[in-house]
Structures are given as structure tokens and as C-alpha cells.
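The values are calculated or read from the model by the stated rules, or taken from the named source; none is laboratory data. For clarity, every value in this text was computed on a predicted model and none was experimentally measured. Please note: Cβ atoms are built from the backbone with ideal geometry, for glycine as well, and neighbour counts cover all protein chains shown.
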Amino acid sequence: MDPARTNLFEQKQLLLLLPIILMAITAFCLDPHVLGPRDHFLRDYLTFSSRILFPCLFVLSAALLTRTRERWGQLFIICLDYVLLLFFLALLRPSALLNPSICVIAATAAIVVLRPLDDEPQWDLSHPHLRAILRQLAAIALPIALFVGLLTILQQVESFVLFTISDGINNSLMSMFYSPIYLILQTLGYHSAISGAVLMNYDDGMINAFINSIIVTNFIALPVLLIARSFVAGHRLRLFLTLLAFTAILTASIGPCVSLIYIVVLFMIPGTYALLLVSSLCFFLISYVAQVPALTNINNLYHPDIDLLAAVLLSFLPSTKLLYSCGIALPLLMLSLTALIKKERLTILRQRRLISKSGLNFKDNLSPDLSVLVLLRALGGLSNIGVVKATLRGLTVEVLNVERCQTVLLTALSLKKPHYSKTRHTYLLDLGDLDEPVAQRLARLTADNPTRPAPIISTKNFKITPLPHFQRTDH
């Protein structure tokens, strides 16, 4: 991608944040504590309209990120899909209209259909516009099919939650799995059923842990992970993730805004979304063990928003400070561990790619003589090999100059990843049943090689004096 197109894509990415910010501004302006005793009907009407309009703008902003042959036709079809999905949602689940995230996800399926492909097949159709008509019909049918599928799955998940929350589960730590389920349903705007089930079946300790895990995940862990992710992301995502993190901080109490942010995280950085789900499990356990009091009431947990005046977020209890500290440190720790694992996996994949390109194909039944020849080449020749031993852990080979060794060949020959000890200057290789035969052959070949010179042991300083029989004479 050329620099001009890259800059344009980075600018279009910021359009995804505009509907979220506008929805947050509208929510703050229409808050009853800000307006005071005004017309309740007008305020509710404006709030409902904003939570229908701005998600539609979010879908249109996502459509602008992709290439298309007819931009206005693409936007019209996506708006039509969104309106149809809202109509179906109003018939099937009217209470979900305040957070129509499921319509947002289903409507984005039309973007995939309307996106032009480089290897698009050329169909021999009699009508010149038949292909465009079929594409537009597919762009309308696919979101509806996806909407029906998601709605069916969500109803089954709700039935599963209501069925499994019983006296045997609500008093055990198995109930911690309802925190990530709640976050998944919140991404789709279907989280109200779990709140009601928790209120009816949980005891006080479990309710407090459930509430605290959701609030700490949305208010602390989500912005922390986004900021940390921006430091390791490429230049195309760094600015976007930074602004998304600040948007998450400002809109953490508004349910539809949190759902849209989760949709962005799910599609753009799904690994971070998985870390948030795992973090909610840990926060539940920490809150339950430390007996942290509830930060708000269960009836104030995203119905559809959180009333900050009714919440106790600025608590200075030691247990609350511990939970907040874990909300910052734990996501950073998990992100660091996943980065190390990803780096290790990338190294292994890179080595396998180099092995496949070099045409190496070592089998388990490789003869000892051939293994010795490969090792001589991989270890930099016979003159670079020192002491060779066969241990219980594998084959230990001392090398004089590690820069002459070829890690790709060693990885291809060893059953496990070769381990190099910097202090002993030795490689540990796992050749399976060939450890002993290869060690004997290498030992015979390197019997005359000089080993690494032993270190010189320094002695104490001594004074040099003339010999007793030597006397200096002055002339």
C-alpha cells in the first residue's frame, strides 16, 4: 500500500470514533441531572433517536474503510439493511432497541458482499446488470440471515444461563464464568437477562464480585489494554488505539458506547478482546476472595447506562484499592506474556519456513552417520566442536564459536528446540535414540581437538626482592 493510501486509511479509521463520541455527548447533554426537571417525553424521544441514529453512522463509517465501485449504492444498501434489522428487532425484542449492537454486526456483513474482489470470476450472464442485481440481493439477504442466526444463538445462551443459575452454581466459583458471558452478550446488546438472573439467584458475595468484575473490566482493564496495545502496534493503528482508549475512558458508563467499542476491539484486535474476557474471570476471583463491596447496585449495571452518581467508584477501602491495582497490573502482565508467546511462535514459524525453503526433510529414521554429517555442517565444522556428551536430557555439544552455528539446521535435526547455554557455551539437542551413537561418533572425530582453554587462577601479589647472595657494590 502506497503512503498516500495509507494516510487516507488512517484518517478514515478515526471516523469510527465519531459516532461513539457523538452518542456520548448526546447522553451527557440529555442526562436528567444536567437538564433538570424538563419534558421527560422529549428527553426520552431524543435519547431513543440518538441510540438508533449513531449506530447507523457507525456502520456507514465502517463501510467507508473499504473499497467499492459505487459508494452511494453501498451506503444506501447498508442503511436499508440496518432499517430492516431494526424492524425485525422491534418485533422480536423491543427492549433491545436502546442498544442495537446486533443490528450493527449483522449490517456490516453487507460490506463484505459489496467489496470488489481482485480475482472476481467473470460470469457469462445474458443480462448485463444481472451480476450487480445478484450482488445487491446477496447484500440484503446475508445480513438478515446473520441476524437470525445471532438472535437464535443469543436466545439459546440466555436459556442456558437461566437454566444453569441454580442453588448448586450460584454459591460456587463456577459462577465466575458468567462475567465473560455477560461481556459477550454486552457486545451484542443482550446482557440484561443475566443481570436479572443474577439478582434473583446469587448471594451477596457473588453479586458483588460479578458487579465489580464487569465495572473494573470496562472502566480500567479496557483502556489500559488499549493504551498498552498502542505501544506495540504499527503506525497504522497507534493513533487510532490511543484515541479509542481515551474514548473508552470517557464513555465507560454508557452502555451502547461500550458495546460499539467492544465491536471495534473484536474485529480489529480480537486477541485483546480475549484478554478482556480472561481478565474478567480474574477480577471476579479477586473481588470474591478480597470481599470487595459492590461498586454499584445490580439495577444500575448498564440498564442501559450506569448512573455515576449512584455508583461508588471513588472508594478508598484497601480491598477496593487492591482490585483497582489488579485491574491495571493484571492486563499488562497478560499482554506481556502473550507478546512473548507470540514472539516465540513467530520465531518457530520463521525457522520452519526457512527449513521448508532450504528443502530439508529430516526423518526420525535418519542414520547416525548422516546425522553426524548434518551436525558437522550445522555446528560450523569439526574445528568448532569441543566436548561431546550424551546425557539423559539429550546430546550436549560444546562449541567454540557460536556465530558459526546454523540454528535452522539444528532445529531441523533436533526433535525439540535446541537450547544454547551462554555460560557453558554448549548446545543441548534432542536426537531421540540417536543421542548415544552420534555422541560416540562425534567424540571419536573430535578426540584431537583442543578444548576451551582453562581460566588462569590469579594468585596474591608478591614483592620481588634481590637474591640473598647478590649484593650491590658501589663503584
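Among the residues of region 273-306, which ones are closer than 19 Å to S175 by Cβ and free of Cβ contacts under 8 Å to residues at least 12 places away in the same chain?
V289, the sole residue that qualifies.
Does region 284-293 contain any residue that is surrounded by 16 or more Cβ atoms within 10 Å (Cβ to Cβ), closer than 14 Å to F210 by Cβ, β-branched (V, I, T) and assigned by TED's automatic domain parsing to the domain that holds T26?
The answer is yes, given that some residue of region 284-293 is surrounded by 16 or more Cβ atoms within 10 Å (Cβ to Cβ), closer than 14 Å to F210 by Cβ, β-branched (V, I, T) and assigned by TED's automatic domain parsing to the domain that holds T26.
Go through region 424-467 and give me each residue that's at pLDDT below 60, farther than 20 Å from G381 by Cα and among the β-branched types (V, I, T).
Of everything in region 424-467, those that are at pLDDT below 60, farther than 20 Å from G381 by Cα and among the β-branched types (V, I, T) turn out to be I456, I457, T459.
Residue by residue through region 268-290, note down the ones that are in contact with a Ser or Thr (Cβ under 8 Å, 6 or more places away or on another chain) and more than 13 Å from L222 (Cβ to Cβ).
If the condition is that a residue be in contact with a Ser or Thr (Cβ under 8 Å, 6 or more places away or on another chain) and more than 13 Å from L222 (Cβ to Cβ), then G271, L281, F284, S287, A290 are the ones that fit.
Which residues, counting only those in region 388-414, are under 19 Å from R441 (Cβ atoms) and either surrounded by fewer than 16 Cβ atoms within 10 Å (Cβ to Cβ) or not assigned by TED's automatic domain parsing to the domain that holds L431 (or both)?
Within region 388-414, K389, T391 meet the criteria.
Looking only at region 409-428, count how many residues are in contact (Cβ under 8 Å) with a residue 40 or more places away in the chain and more than 32 Å from the chain's Cα centre (by Cα).
Residues flagged as in contact (Cβ under 8 Å) with a residue 40 or more places away in the chain and more than 32 Å from the chain's Cα centre (by Cα) within region 409-428 amount to 3.
Under 9 Å between Cβ atoms, at least 6 apart or on separate chains: pull out the pairs that start in region 244-272 with a residue that is closer than 20 Å to A96 by Cβ and touching a residue at least 40 places away in the same chain (Cβ under 8 Å) and end on any residue that is β-branched (V, I, T) and not in a helix (DSSP H, G or I).
S253/I306; I254/I306; G255/I306; C257/T251; V258/T251; L260/T251; I261/T251; I263/T108
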